[in-house]
1. Give the shape of the stretch 192-292 as rounded, prolate or oblate, defined through the alpha-carbon gyration tensor: a ≥ b ≥ c are the square roots of its eigenvalues, a/c under 1.5 means rounded, and otherwise the shape is prolate if a/b is larger than b/c and oblate if not.
2. Kindly put His253, His551 in sequence by how many other C-beta atoms sit within 10 Å of each C-beta, fewest to most.
3. First measure r as the distance between the Cβ atoms of Glu290 and Lys315, then evaluate 1/(1 + (r/R0)^6) with R0 = 51 Å and state the FRET efficiency to the nearest 0.05.
4. Between rounded, prolate and oblate, where does the stretch 477-558 land on the alpha carbon gyration tensor, with a ≥ b ≥ c its root eigenvalues, rounded for a/c under 1.5, else prolate if a/b exceeds b/c?
5. Rank these for me by crowding, Met205, Met343, Met337, going from fewest to most other beta carbons within 10 Å.
6. For Ser529, what is the net charge nearby, where nearby means another residue's Cβ is under 9 Å from its Cβ and Lys, Arg count +1, Asp, Glu -1?
7. Checking the table Lys257/Lys472; Lys106/Lys320; Lys154/Lys295; Lys295/Lys449; Lys449/Lys472; Lys245/Lys556 against a 31 Å threshold on Cα-Cα, which pairs fail?
8. So how far apart, in nm, are the two label points at Ile239 and Lys213 if each is 7 Å from Cα heading toward Cβ?
Amino acid sequence: MMKLRTEHISQRLLISMIIIIVSLLFISVPSIVNSYQSYKRAERALIEVSVLRNVAELTNNISRERAPANQVMSSTPEKRAEYIEELKRYRANVDQQIEETTQLLKSSGFIPHAQHLSLQLKSSLKEGRDAVDAYAATPQSSRSSAQLDHAIQKMFAAWDGSQYVLKHVMLDSVGKDSRAATYYSVIFVLSELRDQAGRVASNIMAAITFGEKIPAENLANSLQNQRQAYHLWDLVHTILPEAHKVPEYTALHHRLKTEFLDQGIPIVKQLMEQSLQGEAYSLTGTQLTEVMVNKFSTVVDLQTYLLDYSLNLAKKDYIKAQQKLVLTLVVALISLMAAIFTMVYARSKVFIPLIQARSQILRLAAYDDEAQGTQNPDKVTLFEAIQKLKQRLEQRDILEFQLRNIANTDALTGVSNRLALEEYIKYLEHRPEKLSKTGLIIMDVDKFKHINDTFGHVVGDQALKCIADTLKAHVRASDLVVRYGGDEFLVLIEQIEFTEALYLADKLRCHIVNQEIFIPELNDYIQVSVSAGVAVGAASWSRLLEKADKHLFRAKARGRNAVAGD
């Protein structure tokens, strides 16, 4: 047998080298194709980030148009002409940006988005501007706060159209797996935050301008906008990975909180309180616009920074993918040339010894049939290896299950956290029939800050644990209890009628208020209460949450320790 191999070594070497070359081709071609696809994805991601940046800027500018529009509508006759000219200039810039963005969307392959921008957005923006102009042309004596508020709401609708394009550019992007895509959600949330920031003041603008009491609906809307602004601010910091929170981002994020959340919103709250107390307003509508407009710029500054940062990342990834493609082509060519050269130059000095060495290894690896009987040790070893691998995989599955439970559970209270809620929301959104029968109870601890300030955070944590334990003890095992915020809990119940959900919410409230928490330092017990908002069934999760959240505000407005719903 050995003699036979020696005589046919050249033929076998030739066959082996052909196999090697073919194998190299099989390896190289997919690598080249993969590198080329990565290059094209990086190129596409760069285009999409550029488009996203342009659309985000347009969305912000449309939202910002409300400021000069509000100035025109709330200005005195002496300054109206100046403000009208300023508004005209701003509108001209926005119109030019719409045209440029439309062309960019078309050239980048976002044809439906360009059509939406060119048709629906322009139409809704025209309606908003017409409402503003109609109000501005109305004699001072014939104006009303309702007309002003109508014009403001029309401008909100124009922003909704631009935000729709921004959202769908993100959803339809093919470069979602790029590094730059890490910032897509944050950029979108900041765009939402910019609009919520504008609505906080705009919802009370009409009443402030006319010196009238702010309507209850506008108060509720402004409060909801404020709350949403706080949530969005928290969400920005939550969804952005820690590795991306560079010092420049942290400074801008802190500035947003300081100038808008800590300084801007209190101005609006003061005016709302003055309305509720029947006092004269400390600011006019024009002054309110001038004071708040600079506060909103902090949101835009942070978004602009992230857009620029993601654009730079996309450029770096594009260059890296381009270099990788060139390197893959060079390596593939060198590999093929090296294989051919090896076949020509080392057929007798390298491969024959290798083949001989292989034969020796096979002989050494062979076993003694008489000693081993019919058992093949290779098969036994393979079986043992498979069994060992199976055990490790089972151990890994158990560990993953444990880690998933830990990740989905709030460490303090033991109930589900936002990660678990997100998975449940995905489940509901794929089953609209379940969402229509799903009940949501939002519970917020009354005066929780007072508890922390008075008794300390340890007592506050104890109160949260007590509330969580009470909720778990009095709902079904199939119901989901979530710690949604610092002192806010959600209870989601499938297949429930509204009256049952309202009854359950009140029962939970009673159980919580009847609980007593022992304070060792005082050698006494304290009680906590909660307010709850109830909603059952909606077209989407966000709508269900919005309904329940609005009812929570109503419950708080009744004096706390109450349940509201309709």
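Read the figures in this text as sums done on the coordinates, not as results from a lab. Everything numeric here is computed off the predicted structure, so don't read it as measured data. For neighbour counting, all protein chains shown are included, and Cβ atoms are generated from backbone atoms with ideal geometry for every residue, glycine included.
1. prolate
2. His253, His551
3. According to the calculation, E is roughly 0.85.
4. prolate
5. With the fewest neighbours first, Met205, Met343, Met337 line up as Met337, Met343, Met205.
6. +2
7. Lys257/Lys472; Lys245/Lys556
8. So the label points at Ile239 and Lys213 sit 4.0 nm apart.
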